[in-house]
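No lab work stands behind these numbers, since they all come straight from the coordinates. Only a predicted model underlies this, so the values are computations on that prediction, with no experimental measurement involved. Cβ placement follows ideal geometry from the backbone for every residue including glycine, while neighbour counts extend to all protein chains displayed.
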Amino acid sequence: MSTDIDIKKEGENNPNTLLLVPGVKYDNMVINVVKQLNNKKTCYITLNKTYDALTELLKTKNIDTEKFVFMDGITKNVRNISNTNNCYFIDPPSNLSDLSRNIYELLKNRFDYIVFDSLSNLFAYQKENAIEYFIQNLINILEESNCRGVFFALKDFKPYLPSPLIKLDKLSLSQDEKRSLLEGSYMFTSRMTEGMTIFDVDEEGNIEVYDGYR
Amino acid sequence: MKTILVVDDEPDVRDSVKIILEKKGYRVITAIDGEDCLNILREEKPDLILLDIMMPGMPVRNVIKEIKNIKIAFLSVVRTSEAEKQNLFNQNNIVDFIQKPFDVEDLIKRVAGILYEH
C-alpha cells in the first residue's frame, strides 16, 4: 500500500482523480497536491475554505499562490467582494448549472488541471441526482478542454457529528437519541465516481487505489 | 428559559443540535433555511441564532442584514481566515464562529458563554 500520490503521473493514466481524504489528513493532502501542480496551469475551485483561508494555508508552506487561478464559491455568501487578479468570487453553488457554466467559461483560458475542493461540500446544497449529473457534465467539460481533474472529498462519516461517542454518553442520551445522531451519511453513488481513479486515504496516510464505476 | 433558533438545511444537524441543547435546558426552535429563519423571527425573538453558512436559497449575507438585536453564531463546515472572522464579528451581531465538526461539550460551553457572559 502506497503512502504518496504522484498526481501528474496519475493524470497520464486517467485524467480524473478522486481523493477521498479523512479530516485529519485533509490539509496535508491539499498542500501535497498543490505543490505538485505548482508548475502547471491550474485552477483551484474552492467550496471548502474561503480564498483567504486557503491562500493563508498555502503560504505557510511557501507555495506561490499567484501561480494559480482560484474560484471561490463561499466568500460571496457571507460578504460582498470583488474579483481579484487571480480569484473569481462566485455565488454559492445552490445552482449547479451556474457552477458548471462558470467553470466552463474559466476553462476557455486553457488550464492543465482543475482542483475541485470538494465534492462533499456540494451535499450542503444539492441532492444526489443533481450532484451525479453535475460531476458527469463537469468531466465532459474537462475532456473537451483537455484539462485534468483532481477532485477532493472528505471521507469522514458525517463530518459534522460529534465524536467520539463517549462524549455523547456524558449527556445521558437514550439509545434512540444516539441512533438519531449517528445514523445516516452522505454517500457517493457509483455514478459520481464513474471513470475516475480513486485514491482512498486512511488516517495513517496509507493510500488504496481503485477504479470508480465504469 | 433561553431560546435558541437553529438554522440549518441538514435535518441531521438541526436534530443533533436540538437534542443536545434541549438536554441542557434550552428551548430550541429550528428553521430549514434563511427564508424560514426570517419567517420565524416574525413570531419569535430567540436569544441566540445558530446559523449555518452553507445553505441553499437566500445568501447568508442577506439573511444577517435582516436580523436586528439578536446574537448570531455561525455554524460552518467551511474554513475562513482569522482576519475574515474578525471582520465578521464587527458586523450584524455576529458573536461566534463554530467550526463543524464540533465537539458537543465545546458547543454547549460556547452557547452558554454567548448567552450568559457576553
Note to self: Would you confirm whether or not the stretch B:68-82 contains a residue that is on the phi > 0 side of the Ramachandran plot and surrounded by 15 or more Cβ atoms within 10 Å (Cβ to Cβ)?
What the structure shows: no
Check: Is there a residue being over 12 Å from the mean Cα position of the chain (by Cα), under 25 Å from residue A:92 (Cα atoms), within 7 Å of chain A (Cβ to nearest Cβ) and part of a loop (DSSP other than H, G, I, E, B) anywhere in the stretch B:84-92?
Finding: no
Item checked: Selection within the stretch A:108-127 - within 14 Å of chain B (Cβ to nearest Cβ) and either surrounded by fewer than 18 Cβ atoms within 10 Å (Cβ to Cβ) or in a loop (DSSP other than H, G, I, E, B) (or both) -> A:118, A:123, A:124, A:125, A:126, A:127
Margin query: Let me spell it out: the conditions are (1) surrounded by 18 or more Cβ atoms within 10 Å (Cβ to Cβ); (2) away from chain B (no Cβ under 14 Å), and residue A:136 meets all of them except one. Which number is the exception?
Written below: (1)
Next item on the list: Look through the stretch B:101-118, keep the residues that are within 8 Å of chain A (Cβ to nearest Cβ) and without any contact (Cβ under 8 Å) to a residue 40 or more places away in the chain, and return whichever of them is farthest from residue A:75 (Cα to Cα).
Entry: B:105
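Of the residues that sit in the stretch A:36-60 and are part of a loop (DSSP other than H, G, I, E, B) and more than 14 Å from every other protein chain (Cβ to nearest Cβ), which one is surrounded by the fewest Cβ atoms within 10 Å (Cβ to Cβ)? Before you say what the answer is, go through the steps one by one.
We begin by selecting, within the stretch A:36-60, every residue part of a loop (DSSP other than H, G, I, E, B); these are A:37-41, A:47-48, A:50, A:60.
Next, only the ones that are more than 14 Å from every other protein chain (Cβ to nearest Cβ) stay: A:37-41.
Numbers: A:37: 22, A:38: 11, A:39: 9, A:40: 15, A:41: 14.
Among those that are part of a loop (DSSP other than H, G, I, E, B) and more than 14 Å from every other protein chain (Cβ to nearest Cβ), it is A:39.
Any idea which of A:63, A:81 is of a type in the set (A, V, I, L, M, F, W, C), within 13 Å of chain B (Cβ to nearest Cβ) and either in contact with a Pro (Cβ under 8 Å, 6 or more places away or on another chain) or in a loop (DSSP other than H, G, I, E, B) (or both)? First the steps, then the outcome.
Working: A:63 fails: within 13 Å of chain B (Cβ to nearest Cβ).
Within the list A:63, A:81, the selection yields A:81.
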Checklist line | Residue ID - nearest to the other protein chains (Cβ to nearest Cβ), chosen from residues in the stretch B:2-52 that are in a helix (DSSP H, G or I) and of a type in the set (Gly, Ala, Ser) | finding: B:16
